[in-house]
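Please treat every number below as a calculation from the coordinates, not as lab data. For clarity, every value in this text was computed on a predicted model and none was experimentally measured. Because the Cβ atoms are built from the backbone with ideal geometry, glycine has one as well, and the counts that use them run over all protein chains shown.
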Amino acid sequence: MLSRRNVRIKVMQMLYSMSRDSKLGLNDIVNRYRSNVQKSFELYLFTLLSLLRIAGYSKNDAAQKGAKLLPSEEDKQFTAKLVDNSLVLSLLNNQGLQQEFKKYKLASKFDHDNVRLFYTDFAKTDEYKEYIKDENSSEEGHRDILLALFKHLINSESYDEFLEDNYSNWIDDKSLIVGAIKKTIKALPAEESFYEEYRPAAEAIEDFGEKLLRKVCETDEELLGLIEPTLRNWDADRVAVLDMILIKMALCELMDFPSIPTKVTLNEFVEISKLYSTDKSKDFINGILDRLMKQLHKDGKIQKTGRGLQE
């Protein structure tokens, strides 16, 4: 589930934490990194469970409508098919998924009032009303309404706050989680161990991310020695902390990850700077890395494997 860009961002955040707290050692920061990565998977599960809980509130809605002394025709037609359909049931009846929910104690994070408010807000939409009126909803119809529900939720400020209150990594992982949940819905009914696809893979997390984190920490002085001559009229202490971290990370990637093309490294760190640093950072980082790459090529310190990887 985590792309290399997501991993780079998490490594950057750990290095920034380390720069702000002198008491943090390498082992501390590596453990934090591992925990942070795990939180992304946990957030995926939590978001998926929130969707199930909100859809499940349709049963409460059905009970309330059925208990009315003078129900309207609309009340009489109402069913809890938002949750009682083959797609949602494939998730609710998935024992492995339910065990994952229990493992992280996700149920305890939900408030009944929040679930009710999210559901009742969606119930006012034209999409949901039309869905309820359709007495012969197909699997495609169930899938479409689940996607509509999720779209409605992620565009809701209160839902945004709800996720952020429970998982601080929601801000950084939002696009990642949104993409994963949409992919999950589109693939319903769910296969037995579908969620394993979204569990962080060792190749990206350990072989790339953890190696990059350790390398930057262990060669910090060496990296600074390479960077300082390219700063020209700038003193290293005047460079924004985050910019310096990104440049060091890029340097390590250029020299120590032979399968990653130099262009990819350059583009990725410039893009990350646009998201997390100052308005001028992208041009500054792009210029410094361009000079560093030329020098590293000249010194034979960039050795890429595979055709065309040095271009």
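Here the sum of -39500 (n - 2.57) over DSSP H runs of 4 or more residues, divided by the residues of the chain, equals -21000 deg cm²/dmol at 222 nm, to the nearest 500.
In a simple Cβ point-charge model (Lys, Arg +1; Asp, Glu -1; nothing else charged), the chain has a dipole of about 480 debye relative to its Cα centre. Out of 59, 182, 23, any idea which swings most in a Gaussian network model of the chain, alpha carbons joined below 10 Å? Taking springs between Cα atoms under 10 Å, the residue moving most is 23. Checked against a 20 Å cut-off, the cross-linked pairs 103/211; 10/39; 248/280; 274/301 give Cα-Cα distances beyond that limit for 103/211; 274/301.
Springs between Cα atoms under 10 Å define the GNM used for the chain, and in it the highest mean-square fluctuation of 141, 300, 287 occurs at 300. Between the Cα long axis of helix 281-298 and the first principal axis of the chain there is an angle of about 50°, rounded to the nearest 10. Computed packing ranks the peptides 252-260, 96-104 as 252-260, 96-104, most packed first, by mean other Cβ atoms within 10 Å. Among 135, 127, 161, the ranking by other beta carbons within 10 Å of each residue's beta carbon, starting with the fewest, stands as 135, 161, 127. With 32 Å as the limit on Cα-Cα distance, the pairs of 68/186; 59/182; 183/294 that go past it are 68/186; 183/294. Counting other Cβ atoms within 10 Å as a rough exposure proxy, the listed residues 112, 142 run 112, 142 from fewest neighbours to most.
Computed over the alpha-carbon atoms, the chain gives an Rg to Rh ratio of 1.10, Rh here being the Kirkwood radius from the mean inverse distance. Classify region 219-298 as rounded, prolate or oblate, taking a ≥ b ≥ c as the square roots of the eigenvalues of its Cα gyration tensor: rounded when a/c is under 1.5, otherwise prolate if a/b is larger than b/c and oblate if not. Oblate, since a/c reaches 1.5 and b/c is not below a/b. Potential lengthening of the chain between residue 28 and residue 291 amounts to 91.3 nm, from the contour at 0.36 nm per residue minus the alpha-carbon distance. Taking a cut-off of 17 Å between Cα atoms, list the aspartates and glutamates near residue 133, but don't count ones fewer than 8 places away on the same chain. Within the straight-line cut-off, residue 133 pairs with 61, 73, 74, 75, 84, 144. Largest GNM mean-square fluctuation across 114, 36, 27, computed for the chain with C-alpha springs under 10 Å, falls on 27. Between 262, 251, 240, whose Cα lies farthest towards the positive end of the dipole of region 219-298 when Lys and Arg beta carbons carry +1 and Asp and Glu beta carbons carry -1, centred on the Cα centre? Value computed over the given set: 262. A straight Cα-to-Cα reach below 15 Å connects residue 151 with the aspartates and glutamates 121, 126, 127, 160, residues fewer than 8 places away in its own chain not being considered. Between residue 95 and residue 298, the FRET efficiency estimated from the beta carbon spacing at R0 = 45 angstrom works out to 0.15. Roughly how many whole Å is it from the C-alpha centroid of region 107-172 to that of region 249-288? Each part reduced to its Cα centre gives a spacing of 37 Å. For residue 263, the aspartates and glutamates whose Cα comes closer than 18 Å to its Cα, not counting residues fewer than 8 places off in the same chain, are 253, 271, 283, 290, 311.
Peptides 69-77, 173-181 ordered by packing proxy, namely the average of other Cβ atoms within 10 Å per residue, highest first: 173-181, 69-77. Computed from phi, the 3J(HN,Hα) profile of region 191-196 under the Karplus parametrisation 6.51, -1.76, 1.60 (θ = phi - 60°) reads 7, 3, 10, 4, 5, 5 Hz, with x in place of Gly and Pro.
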